[in-house]
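Let me begin by presenting the structure, written as structure tokens, before commenting on it.
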Amino acid sequence: MAKANKTEKATVFQNPFLEALIKSSPGMTAFTYLSIIGIEFLINWYYGFVTSWQTGVVLYLSGLFFWTFAEYMLHRYVFHWIEDSPIQQKFHYMVHGFHHKFPIDEDHLFMPPVPGYFLGALFTGIFYIFMREWAFVFGAGFITGYMIYAAIHYSTHKFKPPKMLKGLWRHHNMHHFRYPDKAFGVSSPLWDIIFGTMPPKPERRKKQEAVETASS
């Protein structure tokens, strides 16, 4: 994993047009994903897929919760998929490696609009294959989960943590600066706990470092 640069900004593409396409901002991100959520609800309303508010609430919250699982899996197995192949290493840098190298580059902290709309449509299509008419309310919850993740992720890199969320800030910083193979959850450590990728606790970490020092 590349050493973090805490002052400079990343340049992923030398082509200025392509580089502009992968930049985003909080306002642009909010517009992009709120519009996707709005489209999801509009499709559901227009076709009358889910009319029971109880069913709608369950589907929406289920989609939101499912995002936390998708976030963990994508981060661990796609964003941190690193092989010896130069092509694969370039892919890794383009989708995530540059963020580890330039962690406070705010222009690249969000999924930009063009791939965002594409991925929103892709995930909704996948949900539709398995869930049919339930897919759109579920998808709206899923995208809401992404927005919560994006807000937390942006905040961990730009602001001091509020007291109640200090644990999330610490968790993500451990991933960036100490354990890139652990702490994959950003909006929640739940799946790190379930799959055994939590960073070592301070006491255990000290013992581990002492053993490594003694054996080196």
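Here's a check for you: in region 137-176, which residue that is of a type in the set (S, T, N, Q) and farther than 29 Å from Q54 by Cβ is surrounded by the most Cβ atoms within 10 Å (Cβ to Cβ)? Explain how you work it out, then say what you get.
Step one: of region 137-176, the residues of a type in the set (S, T, N, Q) are 144, 155-156, 173.
After this cut, where a residue has to be farther than 29 Å from Q54 by Cβ as well, the list is 155-156, 173.
Working: S155: 17, T156: 21, N173: 16.
Going through the qualifying residues, I end up with T156.
Considering only residues that are over 14 Å from H100 (Cβ atoms) and of a type outside the set (G, A, S), which ones fall in region 79-90?
In the first step, residues of region 79-90 are kept if they are over 14 Å from H100 (Cβ atoms); the result is 83-88, 90.
Of everything in region 79-90, those that are over 14 Å from H100 (Cβ atoms) and of a type outside the set (G, A, S) turn out to be E83, D84, P86, I87, Q88, K90.
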Looking at region 65-82, is at least one residue of a type in the set (G, A, S), out of contact with any strand residue (DSSP E or B) (no Cβ under 6 Å at 6 or more places or on another chain) and more than 24 Å from Y149 (Cβ to Cβ)? no
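Scanning region 40-60 for residues that are under 25 Å from the mean Cα position of the chain (by Cα) and touching a residue at least 40 places away in the same chain (Cβ under 8 Å), which turns out nearest to K90 (Cα to Cα)?
Step one: filter region 40-60 for residues under 25 Å from the mean Cα position of the chain (by Cα), giving 40-41, 56-60.
Still in the list and also touching a residue at least 40 places away in the same chain (Cβ under 8 Å): 40-41, 56, 59-60.
Numbers: E40: 34, F41: 37, G56: 42, L59: 38, Y60: 36 Å.
Applying the filter and picking the extreme gives E40.
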Going through R204, R178, R170, R132 one at a time, which residue ends up being basic (K, R) and modelled with pLDDT of 95 or more? R132
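The values are calculated or read from the model by the stated rules, or taken from the named source; none is laboratory data. Predicted model, so just to flag it, every value in this text is computed and none were measured. Every residue, glycine as well, gets a Cβ built from its backbone with ideal geometry; the counts of neighbours run over all protein chains shown.
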